[in-house]
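Enquirer: Questions regarding the structure given below will be posed in turn.
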Amino acid sequence: MSEGRVRLIRYIVGILVCAALGAAIVGVYLKGHWYSIAETQAERYRLLCDGFTVAGVILVAASGLVLVYNMGLFTGLTYGLRGLKDIFLPFLQNEYVPYREYKKQKAEKKVKNYSFIFFTGLAFLAIAIYFYVRFYGVYVPQYSQDDPVSLLYAALTGSGMA
């Protein structure tokens with residue numbers, strides 16, 4: 001099997017794993033917010049929008065953390081924590097490695113081909129935008145004579161009070 005084909009298969013498997021993780025996040029969100037007993041279509045769209053937004057933001061943020069890790073931002077922090085471990089847990093002590101060598105070792109261990117996390121997160125955010133648009137297609141705001149926010153909204157949109 002050629003190297004390009006292996007990379008493609010790994011990329012597709014990564015996308016599927018991220019999609020499954022995102023779907024699990026959406027499922028947990030919907031279960032926790034009682035999607036099954038939502039009374040109106042607008043409420044269902046809102047919950048779906050929120051669930052897909054949470055999953056998308058988590059995946060995009062995870063890819064951002066991988067990017068920051070690859071830039072070497074956490075190298076100094078992990079080196080310092082390693083030194084603290086040697087102080088407080090001397091029986092687990094590793095041999096001393098100067099920072100320059102430690103940094104060189106970490107630079108060789110960069111994470112490669114992680115863009116599938118970012119693109120899967122963007123796909124979840126695109127689905128969230130779809131449900132957001134659908135929500136405002138069926139949402140009918142309820143106005144109250146006593147609520148100042150409702151009065152302001154009615155005045156700005158030019159709609160009458162219910």
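Enquirer: Inspect all residues belonging to the stretch 35-45 and state whether any of them is surrounded by 11 or more Cβ atoms within 10 Å (Cβ to Cβ) and under 29 Å from Arg10 (Cα atoms).
Expert: Looking through the stretch 35-45, none of the residues is surrounded by 11 or more Cβ atoms within 10 Å (Cβ to Cβ) and under 29 Å from Arg10 (Cα atoms).
Enquirer: Among the residues of the stretch 105-128, are any of a type in the set (Phe, Trp, Tyr) and farther than 28 Å from Leu67 by Cβ?
Expert: no
Enquirer: Something else about it: Sort out which residues of the stretch 70-90 are under 16 Å from Val111 (Cα atoms) and open to solvent by 100 Å² or more (accessible area, probe 1.4 Å), and write them in order of number.
Expert: Met71, Leu73
Enquirer: Among the candidates Val97, Val54, Val66, single out the residue that is of a type in the set (A, V, I, L, M), in contact with a helix residue (DSSP H, G or I) (Cβ under 8 Å, 6 or more places away or on another chain) and open to solvent by 40 Å² or more (accessible area, probe 1.4 Å).
Expert: Only one candidate passes the filter, namely Val54.
Enquirer: Right, Tyr114: open to solvent by 60 Å² or more (accessible area, probe 1.4 Å), modelled with pLDDT of 85 or more and under 22 Å from Val26 (Cα atoms) or not?
Expert: On the way: open to solvent by 60 Å² or more (accessible area, probe 1.4 Å): no; modelled with pLDDT of 85 or more: yes; under 22 Å from Val26 (Cα atoms): yes.
Taking the combined requirement at face value, the residue does not satisfy it.
Enquirer: Whether any residue in the stretch 118-129 is at pLDDT below 75 and open to solvent by less than 50 Å² (accessible area, probe 1.4 Å) is what I want to check. Steps first, please.
Expert: First pass over the stretch 118-129, keeping only residues at pLDDT below 75: none.
Within the stretch 118-129 (the criterion being at pLDDT below 75 and open to solvent by less than 50 Å² (accessible area, probe 1.4 Å)), the answer is no, since none of the residues qualifies.
Enquirer: Would you check which residues across the stretch 141-162 are at pLDDT 65 or above and open to solvent by 100 Å² or more (accessible area, probe 1.4 Å) and list them?
Expert: Gln142, Gln145, Asp146, Val149, Leu152, Tyr153, Leu156
The values are calculated or read from the model by the stated rules, or taken from the named source; none is laboratory data. Only a predicted model underlies this, so the values are computations on that prediction, with no experimental measurement involved. Note that each Cβ is placed from the backbone with ideal geometry, even for glycine, and that neighbours are counted across all protein chains shown. Quick note on the areas: whole protein, heavy atoms, side chains included, nothing else; ligands and nucleic acids left out. Shrake-Rupley method; radii C 1.70, N 1.55, O 1.52, S 1.80 Å.
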